[in-house]
Amino acid sequence: RVLTHRAPGATAAPARIVRRQVDTPLAVTARRLSDFPPHPFVDVDGLAPIPPALDWAAHHGLVTGFSDGEFRPDVAVLRGAAVNTLWHDIDEPTATAPHDFPDVPPGAFYADALSWAVEAGVVAAYPDGRFGPRDPVTRGQVVNFLWAMVGRPPGAPPHDFPDVPSGARYGDALDWARD
């Protein structure tokens with residue numbers, strides 16, 4: 001049962017239009033908004049907000065999924081994996097010396113990437129000398145990594161994020177990224 005209200009003096013024509021609209025199901029067609037082939041990940045719906053970026057990253061070999069075909073978009077990225085992704089993004093340059101982090105196991109999949117990242121000044125040790133490859137990477141660390149990758153450009157106007165403390169290690173990087 002459908003009730004509609006018409007303005008006084010209205011004709012029956014608007015009521016017929018409303019009746020047709022109620023009787024006819026709404027048809028919606030959605031399309032992908034990506035210029036790249038669809039990503040292969042079974043757990044990320046093609047119409048969710050991240051697929052265009054994920055299509056791009058998968059197409060360029062920057063991300064791979066887990067052995068079960070999932071991408072797991074809500075799982076935190078670890079520092080070792082983050083450095084490895086950045087390294088792949090710039091065509092895997094070779095470092096002249098290996099890293100010397102005591103907490104990185106020999107043969108780790110990100111070892112070459114980490115050696116490059118240290119040499120390029122993209123990452124540094126924690127104060128205790130560790131890299132922390134299994135620590136989740138923070139948004140501040142990511143913006144610092146990216147800013148370092150592009151040569152630490154100076155002079156960006158200050159960001160306006162109220163939750164970032166004055167003098168934060170990543171403040172200049174955040175200024176650049178926001179700009």
Using θ = phi - 60° and Karplus 6.51 cos²θ - 1.76 cosθ + 1.60, couplings along the range 55-65 (whole Hz; Gly, Pro as x): 4, 4, 5, 5, 4, 8, x, 7, 10, 10, x
Probe 1.4 Å, all protein chains present, accessible-area order of ARG20, ARG79, ARG139, ARG152, largest first: ARG139, ARG20, ARG152, ARG79
Surface accessible to a 1.4 Å probe, per residue, for the residues of the range 23-101, Å²: 69
Charge context of ASP128, other residues only, Cβ under 13 angstrom, K/R +1, D/E -1: -1
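Computing the accessible area with a 1.4 Å probe over protein heavy atoms, can you report the carbon and sulfur percentage for the chain? Show your work: numbers first, answer last.
Working: 7010 of 12400 Å².
The value for the chain is 57 percent carbon and sulfur by accessible area.
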For LEU78, distant residues with modelled amide H under 5 Å away: VAL137
Inter-centroid distance (Cα atoms) of the range 111-179 relative to the range 38-75, Å: 25
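Quick one: pull the percentage of alpha-carbon pairs in the chain with a separation above 19 Å.
Numbers: 11172 of 15931 pairs.
Considering the chain, 70 percent of its Cα-Cα pairs are separated by more than 19 Å.
The values are calculated or read from the model by the stated rules, or taken from the named source; none is laboratory data. Predicted model, so just to flag it, every value in this text is computed and none were measured. So basically every Cβ, Gly included, is an ideal-geometry build from the backbone, and we count neighbours across all protein chains shown. Keep in mind that these areas ignore ligands, DNA and RNA; they rest on the heavy atoms of the full protein, side chains included. Shrake-Rupley method; radii C 1.70, N 1.55, O 1.52, S 1.80 Å.
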